[in-house]
1. Is it fair to say B:PRO365 is within 29 Å of A:ASP75 (Cβ to Cβ) and touching a residue at least 12 places away in the same chain (Cβ under 8 Å)?
2. Which one is nearest to B:ALA214 (Cα to Cα), of the residues in the stretch B:1-48 that are among the polar types (S, T, N, Q) and more than 13 Å from every other protein chain (Cβ to nearest Cβ)?
3. Looking at the stretch A:47-72 only, could you name the residues that are closer than 10 Å to A:ILE97 by Cβ and not in a loop (DSSP other than H, G, I, E, B)?
4. What tally of residues in the stretch B:190-218 results from selecting those that are buried (at least 22 other Cβ atoms within 10 Å of the Cβ) and part of a strand (DSSP E or B)?
5. Just for the stretch B:316-339: of the residues that are touching a residue at least 12 places away in the same chain (Cβ under 8 Å) and not in a strand (DSSP E or B), which one is surrounded by the fewest Cβ atoms within 10 Å (Cβ to Cβ)?
6. Looking only at residues in the stretch B:322-334 that are within 13 Å of B:LEU237 (Cβ to Cβ) and of a type in the set (Gly, Ala, Ser), which one is nearest to the other protein chains (Cβ to nearest Cβ)?
7. How many of the residues making up the stretch A:49-92 are surrounded by 21 or more Cβ atoms within 10 Å (Cβ to Cβ), within 14 Å of chain B (Cβ to nearest Cβ) and not β-branched (Val, Ile, Thr)?
Amino acid sequence: MKYTEEHEWLRAEDDLIVVGITEHATTQLGDIVFVELPEVGMTVVKDEEIVVIESVKAASDIMAPIDGEIVEVNDALTDNPSLANEDAIGGGWFFKIKPSDPSQMDNMMDEAAYNKLIA
Amino acid sequence: MSDLLHTPLHDLHVELGAKMVPFAGYSMPVQYPLGVMGEHTHCRIKAGLFDVSHMGQVIVKGADYATAASALETLIPVDILGLRENRQRYGFFTNDAGGIMDDLMLANRGDHVFVVVNAACKIADIAHMTAKLDAVTVTEITDRALLALQGPSAEGVLSALDPRAADMRFMDIATLSIAGAEAWVSRSGYTGEDGYEISVPAEQAVDVARALLAHDDVEPIGLGARDSLRLEAGLCLYGQDMDDGLNPVEASLTWAIQKVRRTDGARAGGFPGADIILKALEKGVARHRVGLKPEGRAPMRQGVPLFETADSETQIGFVTSGGFGPSVGGPVAMGIVADSLHKSGTVLYGELRGKRLPLTVTPLPFIPANFKR
């Protein structure tokens, strides 16, 4: 698993990358009540804002962690946004992306480095 | 941050694991470990304890109650003179333009009027009363904390500490003895639930709070859930749903202006902006505060512009408060909309992140009020 400074996690699944946000992020955001996901088939560029999350406190944007094409989104999360709080690194995933340049992940944090960031 | 004021319950909030935030010059709990959603739901089902000690508690006293009440009626367009002893009433200060300077609660306490005002406005309110009122003294009570116990279990919890709490009806006020403290208790609140607001001496506030929290049904509730509870109850927040640029008729608060203060009433007018407000009552106004229910799941928050159709160019209103309503199970909002578009059932469009999304004008409150009348 890799992590970004924006508190996203990335997990390889065959030739796709599954993306979500960390438990630390969902705890900070509080109860999540709305998630707007990107459209399947959309080509995205690293750092482009592609997900809107609203918690009971405020709205926040989640950016594409890498370049690529969105191939699947988690519709269960749209229907039940609290999944992101309850199972941030499992059932609360956001989207699957087909990376156009997998080397963009090389410099991302591993779990130890991320834990140090949020300590 | 060190210049933030602390309420007498500050250390208890920290002990209970609250996340503290600056609010109206005070360090206040925005949420506890239960979280906003859990706190909100708990308060609707059982009972919640709120620290509202940041609010202003003021005693206005004259030669007798009538002197103080008559003086306050020169600043507030409600029937204060006719308020029976140990009864409470909602009101607001108006300005010369007919706008609202702050909203407040007033109570007839026999020989004085007990006034509770918003934290953010209290310095201005007290200065306003002191400058404008003759023949009365205006005293801010700085040595008492203010707690709120709200929810269907509130009566059982408080009456276990003083059985007289159960005899009170909505908007009654009485002096009770709670955990050894002389408590000025009103049966009112800001959640749409039955409950009480409890003023106690600062040095006994922690004991009172602990006595209430000792009950299994009571959880501490932060400002986050306080906001979603009052929004679902359709209750205005000063500075958002009403302000000094909006008159009480536009703010849909005409119910708070009793007949005796309106045109042809025995004590008609005589408050700041009376000509404008009384004319607005007779002739109507160009905009109104309404409830708004977004159709999708996306919350529409304060400031979202409103339009008549999905592509019309002229803005016809704006959201004044909005968010997720945990008991409604979806987004809820209030806003100001142009006259003729304010009728319940009217579909309007809010512009959110560049997209027009439908919302429906909806009667307030969003959840039925649960008062003991």
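1. Numbers: within 29 Å of A:ASP75 (Cβ to Cβ): no; touching a residue at least 12 places away in the same chain (Cβ under 8 Å): yes.
In short, no.
2. Applying the first criterion (among the polar types (S, T, N, Q)) to the stretch B:1-48 yields B:2, B:7, B:27, B:31, B:41.
Checking which are more than 13 Å from every other protein chain (Cβ to nearest Cβ) leaves us with B:2, B:7, B:27.
Working: B:SER2: 31, B:THR7: 20, B:SER27: 24 Å.
Applying the filter and picking the extreme gives B:THR7.
3. Just the residues of the stretch A:47-72 that are closer than 10 Å to A:ILE97 by Cβ, to begin with: A:50, A:64-72.
Answer for the stretch A:47-72, where residues must be closer than 10 Å to A:ILE97 by Cβ and not in a loop (DSSP other than H, G, I, E, B): A:ILE50, A:GLY68, A:GLU69, A:ILE70, A:VAL71, A:GLU72.
4. Initially, the stretch B:190-218 is screened for residues buried (at least 22 other Cβ atoms within 10 Å of the Cβ), giving B:191-200, B:205, B:208-209, B:212, B:218.
Next cut, part of a strand (DSSP E or B) only: B:193, B:195-200, B:218.
Final tally of qualifying residues: 8.
5. Initial filter on the stretch B:316-339 (touching a residue at least 12 places away in the same chain (Cβ under 8 Å)): B:316-328, B:330-339.
Checking which are not in a strand (DSSP E or B) leaves us with B:326-328, B:339.
Working: B:PRO326: 23, B:SER327: 17, B:VAL328: 16, B:ASP339: 13.
Applying the filter and picking the extreme gives B:ASP339.
6. If we take residues in the stretch B:322-334 being within 13 Å of B:LEU237 (Cβ to Cβ) and of a type in the set (Gly, Ala, Ser), then B:GLY323 is nearest to the other protein chains (Cβ to nearest Cβ).
7. Qualifying residue count for the region: 6.
Residue by residue, here is whether (1) part of a helix (DSSP H, G or I); (2) assigned by TED's automatic domain parsing to the domain that holds B:TYR196; (3) out of contact with any Phe, Trp or Tyr (no Cβ under 7 Å at 6 or more places or on another chain) holds:
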residue: B:VAL116; (1), (2), (3): no, no, yes
residue: B:ALA124; (1), (2), (3): yes, no, yes
residue: B:HIS128; (1), (2), (3): yes, no, no
residue: B:ALA131; (1), (2), (3): yes, no, yes
residue: B:ASP134; (1), (2), (3): no, no, yes
residue: B:VAL138; (1), (2), (3): no, no, yes
residue: B:PRO152; (1), (2), (3): no, yes, yes
residue: B:GLU155; (1), (2), (3): yes, yes, yes
residue: B:LEU158; (1), (2), (3): yes, yes, no
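The values are calculated or read from the model by the stated rules, or taken from the named source; none is laboratory data. These figures come from a predicted structure and were not determined experimentally. Ideal geometry is used to build each Cβ from the backbone, glycine not excepted, and the neighbour counts take in all protein chains shown.
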